[in-house]
1. Can you tell me which lysines have their Cα less than 21 Å from the Cα of residue 62? Leave out same-chain residues fewer than eight positions away.
2. For segment 1-55, just say rounded, prolate or oblate: build the C-alpha gyration tensor, square-root its eigenvalues into a ≥ b ≥ c, call rounded for a/c under 1.5, and beyond that prolate if a/b exceeds b/c, oblate if not.
3. Assuming R0 = 35 Å, can you tell me the calculated FRET efficiency for the pair residue 35 and residue 82, based on Cβ-Cβ distance, to the nearest 0.05?
4. Determine the gain in length on full extension of the stretch residue 43-residue 3; use 0.36 nm per residue of separation and subtract their C-alpha separation, reporting nm with one decimal.
5. Mind ordering 28-35, 53-60, 41-48 by average Cβ neighbours within 10 Å, highest first?
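Each value in this text was obtained by applying a stated rule to the coordinates, not by laboratory testing. As the structure is a prediction and not an experimental result, all values here were calculated from the model. Ideal geometry is used to build each Cβ from the backbone, glycine not excepted, and the neighbour counts take in all protein chains shown.
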Amino acid sequence: EILGRPIAMPPQREAVEEEMCAYISDWKIQGLHPQSITRHLLNLWKGQPGGRLWRQVLSDSKLLSTLSAPDLFKVAREARLSAVCDVDLPEDQQLLTSACV
């Protein structure tokens, strides 16, 4: 408890993505370019594996103008997850170094 209020858990990043996807879709119908909104999301995955690829997708002007919001976030999510799968595990590093000796 802080100041008599229960501590609320912050939303998960994936939940923020889902909410913002719907928000961007609504504004895109009204003629607003998605980059006006996505630029505020760029730090959502900062410091996380795949975050840079995710930001690159959300910053790509061609993708922003051609894809729907759900498709844009799908591409960004796939890019982020592809990097997560490429993260070297400590046990892999040991195998690599022992193979070199």
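1. Of all the lysines, those that pass the test against residue 62 - Cα under 21 Å, at least 8 places apart if same chain - are 28, 74.
2. Since a/c reaches 1.5 but b/c is at least a/b, the shape of segment 1-55 is classed as oblate.
3. Values: r = 23 Å, r/R0 = 0.66.
E(calc), rounded to 0.05, equals 0.90.
4. Details: separation 40, 0.36 × 40 = 14.40 nm, distance 2.89 nm.
Fully extending the segment from residue 43 to residue 3 adds 11.5 nm.
5. With the highest mean Cβ count within 10 Å placed first, the list reads 53-60, 41-48, 28-35.
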